[in-house]
Amino acid sequence: MPSRSRLFLALSMCVATPGVAQQVHHGLDPANLDTSCAPCQEFYEYANGGWLMRTALPPQYPSYGSFVELQDRNTETLRGIVEALAKTAPAHPTTPDQKVGAFYASCMDSAAADAAGAAPLQGELDRIAAINSPAGVVSEIARLHRDGTGVAFGFAGLPDFKNSTMNIASVAQGGLGLPDRDYYFKSDSATAALRAAYVTHVSHMLQLLGDAPATADSETAYIVALETELARVSLTRVQRRDPNANYHKLSIAAADSTTPHIEWAAFLQATGAPVVPDLNVGQPGFFKGLDSLIAAAPIAGWQAYLRWHVVRNAAPWLSSAFVNEAFTFQKALSGQREQQPRWKRCVAATSGALGDPLGAAYVKQTFSPAARARGLAMVNNMIAVLDARLHTLPWMNDSTRAHALAKLRAFGKKIGYPDTWRDYSALTVDHGPIIMNVRRSDAFEAARLRSRIGKPVDRAEWRWTTPTVNASYNPTMNDITFPAGILQPPFFDPLADDAVNYGGMGAVIGHEMTHGFDDQGRQFDAAGNLRDWWTPEDASRFRARADLVAKQFDSYTVVDSNTHVNGRLTLGEDIADLGGLKIAYAAFQRSLAGKPHPQPIDGLTAEQRFFLAWAQIWRSKSTDQYLRNQVTVDPHAPARWRVMGPLSNLPEFAAAFHCKPGDVMVRADSLRAEIW
Ligand SMILES: [Zn+2]
């Protein structure tokens, strides 16, 4: 995980022998620490060294730690639910619970998937084979979008950035088979090897569809060439962090003149979407490039491309030959050595297709109304603390301050589970094979997303299923969401001491709140509209502070000394970690007012336990491949740096562990960022 040189340094300083973990531990498990490490030098190893020493990366994971442990516990709960429902599922399910059971049962029926092979794709493949013009390419792209296979670009009804109460038809760059545009261009040996693995993989997949090896190879050449051209006209992930770079609301006529070979009214109609007067062409440069390719690339190239994306999308749910080939490439990409067992993949697929009924059953078992009330109280407490901080923030003038306060006070709060559950009556589920259920579910979801076009935004809608181990801030709704799945140990444990809950869940809540004020979130106002509410002086003071954070993370490496964290890509998350910890720490201190100060536990003060709680949620083991991919595609910095980065900026941390100027965990004042 750390660079080689840092790892060596860490090993030379820490000499602990592996401890034994206790079975159930509320709060911090002392066996996870390595107290032979100096907390002011290598806090990540100090906090997690015991765990790192005794934990081997399980072969079924590219990365493993607190998040995955909790996810696995949630998955076990879901397994109990789906297995019970599968036993009683009728042949023609009608209720949501019956559909959950039938979906899972059909997914577990690998014999039916093997017997069907790729036959369920034949209709699409025949249509693709019959394409004979650029217009035919566009109609097939629309048809696939209608059915839930989003090829060439992304399409959905999404909130209008500048009219946030309404959904607008939105198209966005996409259409690649590799995880990022950069994979098509980077010349380092790891990326070159991955590209070679991709070429082999695409060809093997086409051969599984019955194409002769030589044909599959020439199809693959077309596919990679087309995707490379799409990648060339795609914005980078850093460019896409600018909301204005993704917002180009055009009349249908103006959109048509940007892309002379795509008629957007016809496209909308073919997908089953309402035909509306305007749409957001997210990245016009991409769509101009795509349009030229539709006109200029050989029809055979487009046929190969569409054939590939149809099979790519379906492969995990086809016969075992396809499933295994899909995993072979996953392995090259992530370093994961073994496939997850089928039941786990099927729990995930069922949750993806029928998230709400499954989530409702999960909530019944794991999350009481009392837990929801406690979560909400913690959120309100954190909001009050940020409110107080905004009043005294020294670098902001009163006009910007008033807008910031109004925005904070307008935050929507989604805790645990939604108040109303989604309606699945239009989704048909039967005995399978599973690919048929997956495809109907994909089409059902695509229909839901496009049915929103031209309609008011449903502010009560949830982005996550309830068992999800994640949380979010949504800038266009100006709300924060904490699903029941993350309001669990080690993030939140009613039996743990407050210090640990504030350093875990408190900091996560503060993190999401801070997203409303990070480099992206700050560009949206209290109503969720993309609108500048900053004075120019305050905006430049914010940028100067943010620049310090970006430079700090740019200097961090993973795997080897050439593979850097991209501080511009991770900026929003890094600002959110820093602000979240600052606010959570202040909230924790505030909660102690008027009470006797907590006694140390296991020799650790409450303040130390707060920071250790943050560090322990980031304990993790990852493959090199996972880390290389992470720094390319993920706006979150690798786990180790989410501990070392923000804590080394916080005087509160230095005070808790008696760190001194010059220590690794104490950044010099001239480099130290303080924003919220
Ligand atoms: Zn975040």
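Please state which of the following conditions TRP462 fails to meet, knowing it meets all the rest: (1) out of contact with any helix residue (DSSP H, G or I) (no Cβ under 7 Å at 6 or more places or on another chain); (2) surrounded by 16 or more Cβ atoms within 10 Å (Cβ to Cβ); (3) outside any loop (DSSP other than H, G, I, E, B).
(3)
Given (1) under 15 Å from GLY412 (Cβ atoms); (2) at pLDDT below 95; (3) more than 16 Å from the ligand (Cβ to nearest atom); (4) not hydroxyl-bearing (Ser, Thr, Tyr), where does ARG463 come up short, assuming only one miss?
Of everything listed in (1) under 15 Å from GLY412 (Cβ atoms); (2) at pLDDT below 95; (3) more than 16 Å from the ligand (Cβ to nearest atom); (4) not hydroxyl-bearing (Ser, Thr, Tyr), ARG463 misses just condition (3).
Can you name every residue in the stretch 643-676 that is assigned to a loop (DSSP other than H, G, I, E, B), within 16 Å of the ligand (Cβ to nearest atom) and among the aliphatic types (A, V, I, L, M)?
ILE675
Looking at PRO58, PRO18, PRO2, which one is part of a loop (DSSP other than H, G, I, E, B) and at pLDDT 85 or above?
The unique qualifying residue is PRO58.
Determine whether the stretch 382-397 contains at least one residue that is surrounded by fewer than 21 Cβ atoms within 10 Å (Cβ to Cβ), of a type in the set (Ser, Thr, Tyr) and in contact (Cβ under 8 Å) with a residue 12 or more places away in the chain.
No.
Which pairs turn up if I take residues in the stretch 330-358 that are under 13 Å from THR75 (Cα atoms) and look for partners that are open to solvent by 30 Å² or more (accessible area, probe 1.4 Å) and of a type outside the set (Ser, Thr, Tyr) with beta carbon separation below 7 Å, at least 6 apart in sequence or on another chain?
Listed by first residue and then by second, the contacts come to GLN340/GLN60; ARG342/MET108; TRP343/ARG79; TRP343/MET108; CYS346/MET108; VAL347/ARG79.
Without any contact (Cβ under 8 Å) to a residue 24 or more places away in the chain and either assigned to a helix (DSSP H, G or I) or open to solvent by 30 Å² or more (accessible area, probe 1.4 Å) (or both): does that describe VAL275?
So VAL275 passes the test.
Can you name every residue in the stretch 552-596 that is outside any loop (DSSP other than H, G, I, E, B), more than 16 Å from the ligand (Cβ to nearest atom), over 17 Å from ARG640 (Cα atoms) and open to solvent by 10 Å² or more (accessible area, probe 1.4 Å)?
TYR585, ALA586, GLN589, ARG590, SER591, listed by residue number.
Give ALA484, ALA526 a once-over and let me know the one that is away from the ligand (no atom under 12 Å from the Cβ), more than 21 Å from ARG241 (Cβ to Cβ) and open to solvent by 30 Å² or more (accessible area, probe 1.4 Å).
ALA526
Is it true that some residue in the stretch 613-632 is farther than 24 Å from ASP669 by Cα and in contact with an Asp or Glu (Cβ under 6 Å, 6 or more places away or on another chain)?
yes
Would you pick out the residues in the stretch 616-642 that are more than 23 Å from ARG241 (Cα to Cα) and within 16 Å of the ligand (Cβ to nearest atom)?
ILE617, TRP618, listed by residue number.
Any residue in the stretch 503-516 that's outside any helix (DSSP H, G or I): show its pairings with residues that are within 14 Å of the ligand (Cβ to nearest atom) and not small (Gly, Ala, Ser) at Cβ separation under 6 Å, as long as the two are six or more apart or on different chains.
From residues that are outside any helix (DSSP H, G or I), the pairs are GLY516/TYR473.
Which residue pairs have Cβ atoms under 7 Å apart, sit 6 or more places apart or on different chains, and have a first residue in the stretch 454-475 that is of a type in the set (Asp, Glu) and a second that is in a strand (DSSP E or B) and surrounded by fewer than 21 Cβ atoms within 10 Å (Cβ to Cβ)?
none
Enumerate the pairs (first residue in the stretch 624-642 and hydroxyl-bearing (Ser, Thr, Tyr); second residue anywhere and more than 14 Å from the ligand (Cβ to nearest atom) and assigned to a helix (DSSP H, G or I)) with beta-carbon separation below 9 Å, excluding pairs fewer than 6 apart on the same chain, so at least 6 apart or on different chains.
TYR626/LEU333; TYR626/SER334; THR632/ASP182; THR632/TYR183; THR632/THR191; THR632/ARG237
Just one of ALA105, ALA47, ALA91, ALA116 is hydrophobic (A, V, I, L, M, F, W, C), touching a residue at least 40 places away in the same chain (Cβ under 8 Å) and under 29 Å from ASN629 (Cβ atoms); which is it?
Step by step, each of ALA105, ALA47, ALA91, ALA116 is checked, and only ALA47 is hydrophobic (A, V, I, L, M, F, W, C), touching a residue at least 40 places away in the same chain (Cβ under 8 Å) and under 29 Å from ASN629 (Cβ atoms).
The values are calculated or read from the model by the stated rules, or taken from the named source; none is laboratory data. The structure displayed is predicted, hence computed values, not measured ones. All Cβ positions, glycine included, derive from the backbone under ideal geometry; neighbour counts span all protein chains shown. We work out accessible area using only protein heavy atoms, side chains counted, and drop any ligands, DNA or RNA first. Shrake-Rupley method; radii C 1.70, N 1.55, O 1.52, S 1.80 Å.
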